[in-house]
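Right, one structure below, let's go through it.
The values are calculated or read from the model by the stated rules, or taken from the named source; none is laboratory data. The structure presented is a predicted model; accordingly, all values stated were derived computationally and were not measured. Note that each Cβ is placed from the backbone with ideal geometry, even for glycine, and that neighbours are counted across all protein chains shown. All accessible areas refer to the heavy atoms of the entire protein, side chains included, with ligands and DNA or RNA removed. Shrake-Rupley method; radii C 1.70, N 1.55, O 1.52, S 1.80 Å.
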Amino acid sequence: MEGRAKLGLLFFSLTAIFLSLSTALEHQTLLLNPLPNPPTLSWPESVSETVQPDPTTSTDPNTLSVQLHHLDALSFNKTPSQLFNLRLQRDAVRVKTLTSIAAAAASPNRTARGGRVPVTGFSSSIVSGLAQGSGEYFTRLGVGTPPKYVYMVLDTGSDVVWLQCAPCKRCYSQTDPVFDPRKSGTFSTIPCGSPLCRKLDSSGCKARKTCLYQVSYGDGSFTVGDFSTETLTFRGTKVGRVALGCGHDNEGLFVGAAGLLGLGRGKLSFPTQTGVRFNKKFSYCLVDRSASSKPSSVVFGDSSVSRTARFTPLLANPKLDTFYYVELIGISVGGTRVRGITASLFKLDAAGNGGVILDSGTSVTRLTRAAYNSLRDAFRAGTTGLKRAPEFSLFDTCFDLSGRSEVKVPTVVLHFRNADVSLPATNYLIPVDSSGSFCFAFAGTMGGLSIIGNIQQQGFRVVYDLASSRVGFAPRGCA
């Protein structure tokens, strides 16, 4: 009898241990860090920028690695709360623009992308991410020969590379002197009849012999100028004959960067143009600034592909070649698939409607309304022990965690085709003010397009292997 009692006690103890382990597997600890302080720029002064390649990077000419900094570093004299609110404002504009681009592309009676009428005499009307929401990360690179160093925003949601050029008809204020192509030994305009000019959305140069470009934005901002080729220098590594827009008339709500390096999938993006040299591969790792002082980075070439990455196939939108579409088939909360979230909610149809894109310039992940509601309800059910707080901006699920240093939260896993991406807690429960309020960092959208934003991508090396038409996620990839 005594033996049976001992066996029963042992069984009960093992069951309790198993249950506690299974519970631990379904939750993770979130260390509560406040909103990050404004970042500082750490690039060398322009005097030394023309010197040697960075010794910490590969000397392989087919590999390129540069640091990325968040746009907040160009917003001076702002508190952490002000910076966060500005980020959410840019985010709303960004999402609205990406959604309208996708909708315009799917429209059966569309003209130019976005429907903006080109300026008379210009060969293109290219609509990309909105000026003030055209990307959240930038780098420093040299333009021309000898190289003049400027800040350029990197954007996976647009294709064309462009920057402000002298002489200016109208130029917005930027941090560095405006690039003057007349002082460069490698600048060259592109003839109207060239294949490069024909890659612009709508060809035809009217009465001109050289190719002109126009990039328009959803808020009425635009950049207009000469479509040309030029040498770009990244930390000592030169990339020649990059087709870019040299903008002499740049109007609107632009940030302090000199221009934009388009990283989309289209014919004129930087990865596509440099595909032969860098094998159509690049990756970035975006650091969570509230938890790490390491810089974010982007790498081009074979070495950008992490060995630990889990890959999901890229999907093609027949109506729009710029965006990176992936197949999201479900989401788990606390170790259990969320009922009501199925692949059909994210389907990209033959007309170009719906779908899920991966975007570096959107901050907060947007899901179709039905999917978001199911995800939110599942997360709320797993956080009943946390004190709720009022809604904040676009966030409808917030918590008052003041006075605490850490909390347990349910795990969240994004299930892509062939790749399960388990998010760190900091990627979905984020500080929103300086008084201890944290919010669930997802939001619903009334449109059909879902967007995986950069908050959810933080800490992963996100690999864009265009040669194999796939995207990969490597956890803890910023080391």
Inset, instruction - Please give the contour-minus-distance gain from Ser434 to Arg339: 0.36 nm per residue of separation, less the Cα-Cα distance, rounded to one decimal in nm. - result: 30.7 nm
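Note down the net charge around Tyr464, summing +1 for each Lys or Arg and -1 for each Asp or Glu among other residues with Cβ under 15 Å from its Cβ. Write down the numbers at each step before the final one.
On the way: positive: Arg265, Lys280, Lys281, Arg310, Arg461, Arg470; negative: Asp155, Asp159, Asp302, Asp321, Asp359, Asp465.
Combined, the nearby Lys, Arg, Asp and Glu give 0.
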Inset, instruction - Report the local net charge at Ser393: Lys and Arg +1, Asp and Glu -1, summed over other residues whose C-beta lies under 11 Å from its C-beta. - result: -3
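Measuring with a 1.4 Å probe in the full set of protein chains, what accessible area per residue, in whole Å², belongs to the range 167-278?
Details: 4550 Å² over 112 residues.
Here the per-residue accessible area is 41 Å².
Applying a 10 Å radius around every beta-carbon, put 95-104, 358-367, 390-399 in order of their mean neighbour count, most first.
358-367, 95-104, 390-399
State the extension gain, in nm to one decimal, for the chain segment bounded by Arg417 and Glu26, taking 0.36 nm per residue of separation less the distance between their alpha-carbons.
Working: separation 391, 0.36 × 391 = 140.76 nm, distance 2.18 nm.
Gain on extension, Arg417 to Glu26, equals 138.6 nm.
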Legend entry - 15 Å beta-carbon shell around Ala479, net charge (K/R +1, D/E -1): +3
Inset, instruction - Output the Kirkwood hydrodynamic radius of the range 345-479, Cα pairs only, in Å rounded to one decimal. - result: 16.0 Å
Inset, instruction - Give a residue-ordered list of calculated ³J(HN,Hα) values for the range 256-266 (Karplus: 6.51 cos²θ - 1.76 cosθ + 1.60, θ = phi - 60°; whole Hz; x for Gly, Pro). - result: x, 6, 7, x, 9, 9, x, 10, x, 8, x
Inset, instruction - Read phi for every residue in the range 466-479 and hand back ³J(HN,Hα) as whole Hz from Karplus 6.51 cos²θ - 1.76 cosθ + 1.60, θ = phi - 60°, with x for Gly and Pro. - result: 6, 4, 9, 6, 8, 10, x, 10, 10, x, 6, x, 8, 5
Inset, instruction - Take the solvent-accessible surface of the protein heavy atoms, probe 1.4 Å, and return the percent of it on the range 323-436 that carbon and sulfur atoms account for. - result: 48 percent
Legend entry - Sites Thr210 and Asp180, calculated FRET efficiency, Cβ-Cβ separation with R0 25 Å, nearest 0.05: 0.90
Inset, instruction - Could you go through the range 389-403 in sequence order and give the Karplus-derived ³J(HN,Hα) for each residue, using 6.51 cos²θ - 1.76 cosθ + 1.60 with θ = phi - 60°, rounded to whole Hz, and x for Gly and Pro? - result: 10, x, 4, 9, 6, 7, 8, 9, 10, 10, 9, 8, 10, 4, x
Inset, instruction - May I ask you to compute the full-extension gain from Ser393 to Arg380, defined as 0.36 nm times their residue separation minus their alpha-carbon distance, rounded to one decimal in nm? - result: 2.9 nm
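If we sort 459-465, 82-88 on the protection proxy, mean other Cβ atoms within 10 Å, highest first, what's the order? All intermediate terms of the calculation are to be shown ahead of the outcome.
On the way: 459-465: 23.6, 82-88: 17.4.
Answer by packing, highest mean first, reads 459-465, 82-88.
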Legend entry - Cβ-Cβ FRET estimate between Lys408 and Asn85, R0 fixed at 25 Å, reported to 0.05: 0.30
